[in-house]
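This report concerns only the one structure given below.
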Amino acid sequence: MATEGPDLYENLKIRYPRGEQVLDFGSRPSPSRRVLGTLLAMGLAALLALGAALTAVATLRARDQAELRVARAELEALGPLLPPGPDGSRSPSDSPDVAQRRRDFLGRWLQGLGLGWRYHKGKIYYFSWDEKPWREAKEFCLSKRAQLTSVTSRDEQEFLARESRGGYYWIGLEDGDRNDTWRWVDGTVYSPANSFWAPGQPDRQDHGQQGREGCAQIHPVGTGLWNDHNCNIPFLWICKRDLGGP
């Protein structure tokens with residue numbers, strides 16, 4: 001019986017031709033390269049988003065500065081519109097008292113513009129960032145010595161529709177006794193001939209326990225035309241302050 005020699009595979013050495021790779025990943029990147037590529041893509045997207053945001057901020061700032069210049073020019077010529085003095089009288093336009101009150105008045109209005117109010121032809125408008133039911137929105141405006149906005153002309157309607165940018169905003173129009181006797185809360189006389197309802201509105205739909213629709217809003221349908229809605233449902237809102245007010 002022959003003596004067993006060493007295991008046939010014990011000293012076997014496998015040689016590969018030069019240049020041949022044992023493992024071939026082909027075109028697939030290594031995990032570290034994939035992570036790096038993802039991070040670079042995310043970084044580029046973040047930079048593009050930041051650039052877009054900065055551009056938007058710059059545009060809004062430029063528009064605000066232009067509005068401030070217009071407001072300042074009109075406010076500086078406000079002698080006849082200034083509120084009366086403590087005794088109820090109006091001083092001559094060249095008196096130091098009127099000059100000081102004009103500066104104070106100008107400062108208050110410009111401060112209002114700086115806090116997010118929009119200026120338009122002698123009035124400033126606040127477009128809210130959060131939502132409230134109609135009556136709470138009304139109280140907010142009163143707390144700012146303003147009113148939920150009335151709409152007195154086509155020009156004002158177009159301004160509000162443009163600035164609302166397709167949103168739903170309460171305005172200061174309510175139907176007090178369910179008989180289509182609409183009224184503006186700031187005392188402006190409501191005129192059906194000078195209203196801007198969307199087709200088929202107001203329709204006073206019934207919302208069950210929440211009640212019928214009895215408050216008006218700027219509505220995206222019809223490019224900012226009016227719609228009646230339930231007063232208890234929260235929406236954005238618009239306040240208005242008259243430049244000649246206190």
Within the stretch 214-242, the residues that are within 15 Å of residue 117 (Cβ to Cβ) and surrounded by fewer than 18 Cβ atoms within 10 Å (Cβ to Cβ) are 242
Would you say residue 192 is farther than 23 Å from residue 132 by Cβ and of a type outside the set (Gly, Ala, Ser)? yes
Residue 188 is checked against (1) assigned to a loop (DSSP other than H, G, I, E, B); (2) crowded, with 19+ Cβ neighbours inside 10 Å and fails just one. What number does that condition carry? (2)
Select from the stretch 145-171 the residues that are of a type in the set (D, E, K, R), more than 20 Å from residue 112 (Cα to Cα) and not in a loop (DSSP other than H, G, I, E, B) and list them in ascending order. 154, 155, 158, 162
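Readers should treat all values here as calculations from the given coordinates under stated rules, not as data from a laboratory. Bear in mind the structure is a predicted one, so any value in this text is a computation, not a measurement. Note that each Cβ is placed from the backbone with ideal geometry, even for glycine, and that neighbours are counted across all protein chains shown.
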